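The values are calculated or read from the model by the stated rules, or taken from the named source; none is laboratory data. A quick note: this is a predicted structure, and the numbers were derived from the prediction, not measured. Note: ideal-geometry Cβ built from the backbone for every residue, glycine included; neighbour counts use all protein chains shown. For the accessible areas, the whole protein counts, side chains as well, though only heavy atoms, and no ligand, DNA or RNA atoms are used. Shrake-Rupley method; radii C 1.70, N 1.55, O 1.52, S 1.80 Å.
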Amino acid sequence: MNTMNVLHIGEGAHWAGIEAHLTALLGGLKEMRGIDRLVLVVFNQGLLSQRTGAMGLETICVPRKRKIDVSVLLQIVRIINEQKINIIHTHGYLASIYGMIAASFAKQKQHNIITFHQRAAEYVSWKMRLYLKTMIIMARKKKAHFVAVSRDVKQSVLLRSPIHDREVTIIYNGIVCDDAPGPERDKAKLGLD
């Protein structure tokens, strides 16, 4: 692979674990050698798009008018083809469905990764189970690899879906140490020498 053009897709509606993870991950990837283009697609303007935009990352908001919006798929396909994306990494069930369907229609060949950030117990309603099943069908068609952010998340996904153990890699979320308070500041706050 001569060039590495990476597209991350996330909903971006709220500020929670996925958004915090994406901000840290993209901040680290931005500094990596070998990545020629790094793009984030979000469905909602919010804190995620503000923070990644402030970091100088190419952040594209593709707003959804309804849960399933064909215009969003078409825009993602266009981004994949125009920006010659060869790695698509999705975060969250809706982003993964859109990402895998768009990847299937894109002319540009790519590798696909889906990260599970939450336990599959969240997929209890018939609608959520349908989303999960659709995502897995599309992911298998694209030979995507699955990532779980913890052993517990992986086990819950394996219990509630037809995914096999060998298809899921555990990669724990990292911690950005620059944001952690230093011991000197903590000592001063507590009045310690």
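Evaluation of TRP126 against the conditions (1) within 19 Å of GLU19 (Cα to Cα); (2) open to solvent by 50 Å² or more (accessible area, probe 1.4 Å) shows that the sole unmet condition is (1). Cβ-Cβ distances below 7 Å connect the following pairs, each with a first residue in the range 4-33 that is farther than 22 Å from ALA102 by Cβ, a second residue that is assigned to a strand (DSSP E or B) and modelled with pLDDT of 90 or more, and a separation of six or more residues or different chains: LYS30/LEU38. Annotation: LYS67 fulfils all but one of (1) surrounded by fewer than 15 Cβ atoms within 10 Å (Cβ to Cβ); (2) in a helix (DSSP H, G or I); (3) touching a residue at least 12 places away in the same chain (Cβ under 8 Å); the unmet one is (2).
Would you pick out the residues in the range 31-50 that are touching a Leu at 6+ places or on another chain (Cβ under 9 Å), outside any loop (DSSP other than H, G, I, E, B) and either open to solvent by 60 Å² or more (accessible area, probe 1.4 Å) or not aliphatic (A, V, I, L, M) (or both)? Result: ARG37, SER49.
Taking the range 72-84 as the range and being open to solvent by less than 90 Å² (accessible area, probe 1.4 Å) and either in contact with a His (Cβ under 7 Å, 6 or more places away or on another chain) or over 15 Å from MET100 (Cα atoms) (or both) as the test, only GLN83 passes. Looking at SER104, SER49, just one residue is under 24 Å from LYS133 (Cβ atoms) and not basic (Lys, Arg), and that residue is SER104. Take the residues of the range 65-119 that are touching an Asp or Glu at 6+ places or on another chain (Cβ under 8 Å) and of a type in the set (A, V, I, L, M): which is nearest to LEU25 (Cα to Cα)? That would be ALA95.
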